[in-house]
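Quick notes on the structure that follows.
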Amino acid sequence: MKIAVLCDNDTAVGFRLAGIQDVFIPDGSKKEIWNKICERDDIGILFITEKIAEALGKYLKDYRVSHDTPIIVEIPNKKGRLKDHVDFISQLIKKAVGVEVEKR
Amino acid sequence: MAEQIIEGVSPTRMDLLDIRKKLILAKKGHKLLEEKRDALVERFFDIIDKKNQLSKDIGEEFKEAFLSLIQAQMILGESKVEESSFLTESIGEILFEEDNIMGVKIPNINTQNLKTEIKPSYGFFETCSKLDDAQVSFYNILMKLIQLADLEAGIKSLAVEIEKTKRRVNVLENVLIPKLVATRKYIEMQLEEREREDFLRRKRIKAILESKK
């Protein structure tokens, strides 16, 4: 299984340097490129920047609920993590346990 | 909530025995499921701790990596950095395995086939050390991200299983067991009532027979 990244230009350069060759950069329609990724079945892990994840919103969420692979991990972009962005896994934890779990 | 009884039972001794058996079974199942839920939650918290730590680390490392990348871009120019980035060899592929925690299947990522270290494949003639830094730090981040992906996949399957188990425990605790208890009580009361009626009838018949003598 391959590792793929869906991100903006700067992050893409970084990941290409690290040796990932399946890099998707959305130009214009994010949905279109997302559908293209969905169709491929050789991707094991997909890293996606939070900004794009936010833009995809419901599509991404539905896909994650119904599919086990690829494993989708949200990563920060050049400007760091989005402030009021709640990632999928935290939502899931909240739903399963009933409270938000945070250790300081 | 009014106590409900299970539909379709007739107040007979047979059904009473049946209900008693069912109640014992339900209680046993409830205890087992409760244990399973607690064990899963314990495991869940373990993984969450690890995941939080890891994602915090990754966030900081990302900052540093982007810093070196931006510096490299400043020195070499964006297009040169992008060109160099295309030269890196592929990191290889990952394999999926399955782990089993109390009947929950959890994907496990096997990183055996990945390269263990990274060497710059662009010429060091035209590039600078900041690019090397950026490459190394992005590679390190990638390794950590793979671990994170592993943990997150585990969290996902555990969360689904915990929800399922929780629902089952709640159904047993709040619906099935009270229903069974109510039904048992209903049958017992009916039987007692019938016995009393019978007793009275016999007494009455006896009295009538006595008076006829």
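The values are calculated or read from the model by the stated rules, or taken from the named source; none is laboratory data. Everything numeric in this text was worked out from a predicted model, so none of it was measured. Every residue, glycine as well, gets a Cβ built from its backbone with ideal geometry; the counts of neighbours run over all protein chains shown.
Give the residues of segment A:13-35 that are within 8 Å of chain B (Cβ to nearest Cβ) and of a type in the set (A, V, I, L, M), sorted by residue number.
Residues of segment A:13-35 within 8 Å of chain B (Cβ to nearest Cβ): A:13-21.
Within segment A:13-35, A:VAL13, A:LEU17, A:ALA18, A:ILE20 meet the criteria.
Need pairs with beta-carbon distance below 7 Å; first residue within 7 Å of chain A (Cβ to nearest Cβ) and within segment B:85-96, second hydroxyl-bearing (Ser, Thr, Tyr); sequence gap 6+ or separate chains.
Close Cβ pairs satisfying both conditions: B:THR88/B:SER121; B:GLU89/B:SER121; B:ILE94/B:THR111.
Going through segment B:68-105 one residue at a time, which ones are within 30 Å of B:THR165 (Cα to Cα), surrounded by 14 or more Cβ atoms within 10 Å (Cβ to Cβ) and modelled with pLDDT of 80 or more? Before you say what the answer is, go through the steps one by one.
Looking only at segment B:68-105, we keep the residues that are within 30 Å of B:THR165 (Cα to Cα), and these are B:95-105.
Those left that are additionally surrounded by 14 or more Cβ atoms within 10 Å (Cβ to Cβ): B:96, B:101, B:104.
Within segment B:68-105, B:PHE96 is the sole residue that qualifies.
Among the residues of segment B:188-198, is there at least one that is without any contact (Cβ under 8 Å) to a residue 12 or more places away in the chain and either in contact with a Pro (Cβ under 7 Å, 6 or more places away or on another chain) or closer than 29 Å to A:VAL97 by Cα (or both)?
Looking through segment B:188-198, none of the residues is without any contact (Cβ under 8 Å) to a residue 12 or more places away in the chain and either in contact with a Pro (Cβ under 7 Å, 6 or more places away or on another chain) or closer than 29 Å to A:VAL97 by Cα (or both).
Among (1) under 29 Å from A:ASP68 (Cα atoms); (2) more than 9 Å from chain A (Cβ to nearest Cβ), which single condition is B:ILE155 missing?
(2)
For segment B:117-134, which residues satisfy the criterion of being crowded, with 18+ Cβ neighbours inside 10 Å and within 14 Å of B:ALA65 (Cβ to Cβ)?
So in segment B:117-134, the residues crowded, with 18+ Cβ neighbours inside 10 Å come out as B:118, B:122, B:127, B:130-132, B:134.
Once the filter is applied, which keeps residues that are crowded, with 18+ Cβ neighbours inside 10 Å and within 14 Å of B:ALA65 (Cβ to Cβ), segment B:117-134 yields B:ILE118, B:LYS130, B:LEU131, B:ASP132, B:ALA134.
Quick one: what pairs do we get from segment B:113-138, first residue of a type in the set (S, T, N, Q), second surrounded by 12 or more Cβ atoms within 10 Å (Cβ to Cβ) and assigned to a loop (DSSP other than H, G, I, E, B), C-beta under 7 Å, 6+ apart or different chains?
From segment B:113-138, the pairs are B:ASN113/B:GLY92; B:ASN113/B:GLU93; B:ASN113/B:ILE94; B:SER121/B:THR88; B:GLN135/A:ALA18; B:GLN135/B:ILE118; B:GLN135/B:PRO120.
Within the bounds of segment B:162-171, is there any residue that is facing chain A (nearest Cβ under 10 Å), among the hydrophobic types (A, V, I, L, M, F, W, C) and surrounded by fewer than 18 Cβ atoms within 10 Å (Cβ to Cβ)?
Scanning segment B:162-171, I find no residue that is facing chain A (nearest Cβ under 10 Å), among the hydrophobic types (A, V, I, L, M, F, W, C) and surrounded by fewer than 18 Cβ atoms within 10 Å (Cβ to Cβ), so the answer is no.
Give me the pairs: first residue in segment A:62-75 and more than 8 Å from chain B (Cβ to nearest Cβ), second residue charged (D, E, K, R) and not in a helix (DSSP H, G or I), beta-carbon distance under 7 Å, and six or more apart or on different chains, which are they?
As it stands, the answer is A:GLU74/A:ASP87, since those pairs meet every condition given.
Considering only residues that are crowded, with 17+ Cβ neighbours inside 10 Å and in contact with a Leu (Cβ under 7 Å, 6 or more places away or on another chain), look in segment B:44-67 and name the one that is nearest to B:ALA134 (Cα to Cα).
The extreme case among them is B:ILE58.
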